[in-house]
Amino acid sequence: MPDSKLINEINRRRTFAIISHPDAGKTTLTEKLLLYGGAIAMAGSVKGKKSDRHAVSDWMEIEKQRGISVTSSVMQFEYEGYCINILDTPGHQDFSEDTYRTLMAVDSAVMVIDAAKGVENQTRKLFKVCVMRHIPIFTFINKLDRDAKNPFELLSQIEDELGIATCPMNWPIGNGVDFKGVYDRETKTVLSYIPNGGQREVEKVEATLLDPSMDRLIGEANHAQLAEDIELLDGASDSLDPERVARGEQSPVYFGSALNNFGVEPFLEGFLKLTSPPLPRVSDKGEVSPFSEDFSAFVFKIQANMNKAHRDRLTFLRICSGKFTRDMEISHVQGGNKRMRLSQPQQMMASEREIINEAYAGDIIGVFDPGIFSIGDTICSPGKELRFEGIPTFAPEHFARIRHKDTMKRKQFVKGTTQIAQEGAIQIFKEPASGMEEVIVGVVGMLQFDVFEHRMRTEYNVEIINEGLPYQYIRWIDNEGIDPKELNLSSDTKIVQDFKDNYLLLFTSEWNIRWALEKNEGLILSEFNKN
Ligand code: G4P
């Protein structure tokens, strides 16, 4: 029987990712949440673009320059007995693979939407990735203090474009300069909005729809509109179904303004009530209960040089079961069940790291990694080896030939490209029989090239030459012992190898893929690397 401390600790964990289009307010919302947990002393204008102070969750240089999140950071805080782990995700679809990996490590997701913009073009793919995982999705519709779209329109856009049902938990009263607050559908009360500069203590005035003071509080017109909206909602919208929420089929929706710290607390409380503690995970030995006394975890993220002063590489693990203690021996399954102790286990408060002595299922820990772990690896208690389901890689859609400008920098070039590829930030290939003087880099989104180039320059001190290639499709050759040079291929099809020496073909069009299959009987091509 697992001891009761273990059960309590795991039961109070909530681990979620927060996703949004850039500028929708993810950083601001994260900060307010951290503020509730007392994890940071002050929130408000902590964001970097207008001042030189930067949001605690924005640590990479390029994020500051471009105002987008390109890496996922991890933060932990306590709130009313809960131990909450928030995983930040990149806010751009070009990094949706990174988001997908992060979603593998969480039990639910919060989607932040700008009330003036709704579901935005660039984020459609990102949000769909979330829907694909079938995890509970909570929606926070932000910036009601600005002119906003009609809330009914926002809900139907989420439903139509993402294919997920919605259930508004509260409802906005007016918007922009006329924003008066939100109506809580469960308690049937109004939470009145009083701007206060975004600090924690918000003056709350709660009143029901029938309250005689309501006209004065929110204005006659808003009162009438609200009564009409609520009648419509109660009659027509789905009621909350926690089981559908748990399956990722229905998203509870909250309205508010993160910047003004309005609606954040009701959101957090509703979210905590509806989300579950860490869930069981599928492995090759069956489902693994988080409450098992045997420790298990998997690698979902690797990042080199997070702190330039340290020149290190951190591997992030999601603990799936049991308890981790600092000096315990573990087995690295994909490393041939190698026994080891994890070096400098740490937890994150954004860029602040803290060495930890213990952590539980649901937690994310970072460990110092000399280069042995890969994404998807399982680590667990020795003698209790199992493997968690792998994390799929997305097929790259953009390719470039990359060389270093300065031949003296060969060593750094090889190190940089290899390490960044191990992190999963790019995929690298080579032409058969070529050395490491140049590589072919494949990415899912073009912005990944910019990040790659920037990191090569700032972290590895290498200037690169990037020559775009016209290929859009990649296929692994699955036939054993085939010599690709013997294949009958169209002239614009390219043969390359990955770094495990598997052969692949790069195509410029789907037509060329069909051509290759027709002209080479028995050829087996696959979109994913099975090795
Ligand atoms: P992100 O992480 O999703 O990219 O968004 P972030 O929190 O950085 O917010 C983007 C901008 O939106 C910030 O403005 C932020 O202050 C503002 N914002 C966030 N929540 C609200 C809200 O509820 N109401 C209003 N009115 N604004 C909000 P900024 O720092 O001035 O940056 P920018 O405007 O120069 O991009």
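In the distance distribution for segment 395-530, Cα-Cα pairs more than 23 Å apart total 33 percent. Max-minus-min Cα coordinates of the chain on each principal axis give 84, 54, 46 Å, with the largest extent listed first. Close amide H partners of H404, meaning residues 5 or more places away or on another chain with modelled amide H under 5 Å apart, are I465. Close Lys pairs in segment 395-530 (alpha-carbon distance under 12 Å; sequence gap of 8 or more, or different chains): 4. Whole-Hz Karplus values for segment 289-301 come out as 6, x, 7, 4, 6, 7, 7, 8, 7, 9, 7, 10, 7 Hz, taken residue by residue from phi with 6.51 cos²θ - 1.76 cosθ + 1.60 and θ = phi - 60°; glycine and proline positions read x. For the listed peptides 355-362, 369-376, a ranking on the average number of other beta carbons within 10 Å per residue, highest first, reads 355-362, 369-376. Once the gyration tensor of the Cα atoms in segment 331-449 is diagonalised, the equivalent ellipsoid follows with semi-axes of 32, 17, 16 Å, ordered largest first.
Under 8 Å for C-alpha pairs, at least 6 residues apart: give me the relative contact order for segment 216-353, rounded to a whole percent. Reported as a whole number, the value is 12 percent. Per residue of the chain, the DSSP helices (runs of n ≥ 4 H) give a summed -39500 (n - 2.57) that works out to -7500 deg cm²/dmol at 222 nm.
Take the Cα of L469, go 7 Å toward its beta carbon, and the backbone nitrogen atoms of segment 496-530 under 11 Å from that spot belong to 496-498, 504-508. Measuring from centroid to centroid over Cα atoms, what is the spacing of segment 99-151 and segment 354-411 in Å? After rounding, the separation between the Cα centres reads 26 Å.
Estimated translational diffusion coefficient (Stokes-Einstein, Kirkwood radius over Cα pairs, 20 °C, 1.002 mPa s) of segment 281-380: 157 µm² per second.
Based on C-alpha pairs under 8 angstrom that are at least 6 apart in sequence, the chain has a relative contact order of 12 percent.
Computed from the coordinates by the stated procedures, all read-outs in this text should not be read as laboratory data. Since the model is a prediction, treat every value here as computed from it, not as a measurement. When we count neighbours, we look across all protein chains shown, and the Cβ atoms used for this are built from the backbone with ideal geometry, even at glycine.
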